[in-house]
Amino acid sequence: MSSEDLENYETDLELALYREYRDVVGLFSYVVETERRFYLANHVDLQVRSAGGEVFFELTLSDAWVWDVYRSARFVKSVRVVTFKDVNVEELAKPDLELPG
């Protein structure tokens with residue numbers, strides 16, 4: 001496999017992941033971003049903790065989707081993240097009017 005083939009393969013994986021994200025984003029209420037991952041979730045619990053003078057974040061997500069091109073199963077029932085880095089949680093806007101399919 002040439003380096004060009006590998007690059008094309010990775011580009012195809014990223015495009016497929018983006019398309020999957022576009023298809024599922026409407027199913028979720030929150031976007032969560034950590035230093036390592038990007039998640040969609042329907043329930044988010046963010047707790048600020050401290051131990052030994054250090055502050056860290058404990059994040060629990062339920063009914064989540066993980067942005068990770070190398071995961072075969074991106075839908076997960078629950079996720080627990082512990083990090084010393086920033087965590088960004090945004091509530092997704094829901095359309096006021098939903099048309100029947």
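The values are calculated or read from the model by the stated rules, or taken from the named source; none is laboratory data. This one's a predicted model, so the numbers in the text were calculated from it and none came from an experiment. Every residue, glycine as well, gets a Cβ built from its backbone with ideal geometry; the counts of neighbours run over all protein chains shown. Quick note on the areas: whole protein, heavy atoms, side chains included, nothing else; ligands and nucleic acids left out. Shrake-Rupley method; radii C 1.70, N 1.55, O 1.52, S 1.80 Å.
Can you run down the residue pairs with Cβ atoms below 6 Å, 6 or more apart or on separate chains, where the first is in the stretch 50-62 and under 19 Å from E90 (Cβ atoms) and the partner is open to solvent by 40 Å² or more (accessible area, probe 1.4 Å) and charged (D, E, K, R)?
The qualifying pairs are E58/R49; T60/D45; T60/R80.
Sort out which residues of the stretch 16-54 are among the β-branched types (V, I, T) and open to solvent by 80 Å² or more (accessible area, probe 1.4 Å), and write them in order of number.
Scanning the stretch 16-54 gives a single hit, V48.
Between R71, R80, which is under 30 Å from E10 (Cβ atoms), open to solvent by 60 Å² or more (accessible area, probe 1.4 Å) and at pLDDT below 95?
R71
Quick test for you: out of L6, L59, L13, pick the one residue that is out of contact with any Asp or Glu (no Cβ under 8 Å at 6 or more places or on another chain) and surrounded by 12 or more Cβ atoms within 10 Å (Cβ to Cβ).
L13
What pairs come out if I take residues in the stretch 22-39 that are farther than 17 Å from F56 by Cα and pair them with residues that are outside any loop (DSSP other than H, G, I, E, B) and of a type in the set (D, E, K, R) whose C-beta lies under 6 Å away, six or more apart or interchain?
Y30/E91; V31/E90
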